[in-house]
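Asker: For reference, the structure I am asking about is given below.
The values are calculated or read from the model by the stated rules, or taken from the named source; none is laboratory data. Predicted model only: the values in this text are computed from it and were never measured. Cβ placement follows ideal geometry from the backbone for every residue including glycine, while neighbour counts extend to all protein chains displayed.
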Amino acid sequence: MGHAKLIMSDDENNASFSRSLESLRDLDDQTWQVVVYAQPSSEPQWILRIVGYPGTLRMDHPTQLEVHAGLREWLLKDITLSNPKLANDPREAAAEFELTPLLEDLKNNRPLRFILPNVFNDLPIPPYVVAEWRLIFSSDVGG
């Protein structure tokens, strides 16, 4: 069994936060860095950042991320342009999506499949990565 990388960090206000970081390959053998972290606020928003080689995420924003798990399906909202650093980055190497609805809905560590139209057709997310996301989400929301 593999393990995602759980990273504990401090932000600029010395507040502690967790994030999950994993490098995964899509079915075309392209490598993507998948990062999950909470955007601090009174109601934390969980964000999924997908990072590729510069220039690999050229896409029209907003483009929803399709997530499949067996018969279940989610469409994650593209929030890339709400991050000024990503919106103004000419390398077009990263995109961000609102992950909170998926994390609230997941009840087990099932494998997921990501589809990002015109970028990748199938990025498998293994159960150990989903377990990491659910762990940091449940510890943050007190569940």
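Asker: Looking at (1) part of a loop (DSSP other than H, G, I, E, B); (2) at pLDDT 95 or above, which is the one condition that is false for LEU24?
Answerer: Of the numbered conditions (1) part of a loop (DSSP other than H, G, I, E, B); (2) at pLDDT 95 or above, the odd one out for LEU24 is (1).
Asker: Applying the selection to segment 60-94, what residues are farther than 22 Å from VAL130 by Cβ, of a type outside the set (Lys, Arg) and out of contact with any strand residue (DSSP E or B) (no Cβ under 7 Å at 6 or more places or on another chain)?
Answerer: Taking segment 60-94 as the starting set, the residues that turn out to be farther than 22 Å from VAL130 by Cβ are 60-63, 80-93.
Imposing the further condition that a residue be of a type outside the set (Lys, Arg) reduces the set to 60-63, 80-84, 86-90, 92-93.
ASP60, LEU81, SER82, PRO84, ALA87, ASN88, ASP89, PRO90, GLU92, listed by residue number.
Asker: For residues in segment 99-125 being surrounded by 18 or more Cβ atoms within 10 Å (Cβ to Cβ) and not aliphatic (A, V, I, L, M), which is farthest from GLN33 (Cα to Cα)?
Answerer: THR100
Asker: Moving on to the next point. Can you tell me which residue among ASP122, ASP78 is in contact with a Phe, Trp or Tyr (Cβ under 9 Å, 6 or more places away or on another chain) and within 13 Å of PRO62 (Cα to Cα)? Break it down stepwise before answering.
Answerer: Details: ASP122 fails: within 13 Å of PRO62 (Cα to Cα).
Step by step, each of ASP122, ASP78 is checked, and only ASP78 is in contact with a Phe, Trp or Tyr (Cβ under 9 Å, 6 or more places away or on another chain) and within 13 Å of PRO62 (Cα to Cα).
Asker: Among the numbered criteria (1) surrounded by fewer than 17 Cβ atoms within 10 Å (Cβ to Cβ); (2) touching a residue at least 24 places away in the same chain (Cβ under 8 Å); (3) among the polar types (S, T, N, Q), which single criterion is violated by SER138?
Answerer: Single failed check for SER138: (2).
Asker: Using the structure shown, decide if THR63 is of a type in the set (Val, Ile, Thr), surrounded by fewer than 20 Cβ atoms within 10 Å (Cβ to Cβ) and within 28 Å of ASP29 (Cβ to Cβ). Outline the logic, then answer.
Answerer: Working: of a type in the set (Val, Ile, Thr): yes; surrounded by fewer than 20 Cβ atoms within 10 Å (Cβ to Cβ): yes; within 28 Å of ASP29 (Cβ to Cβ): yes.
Taking the combined requirement at face value, the residue satisfies it.
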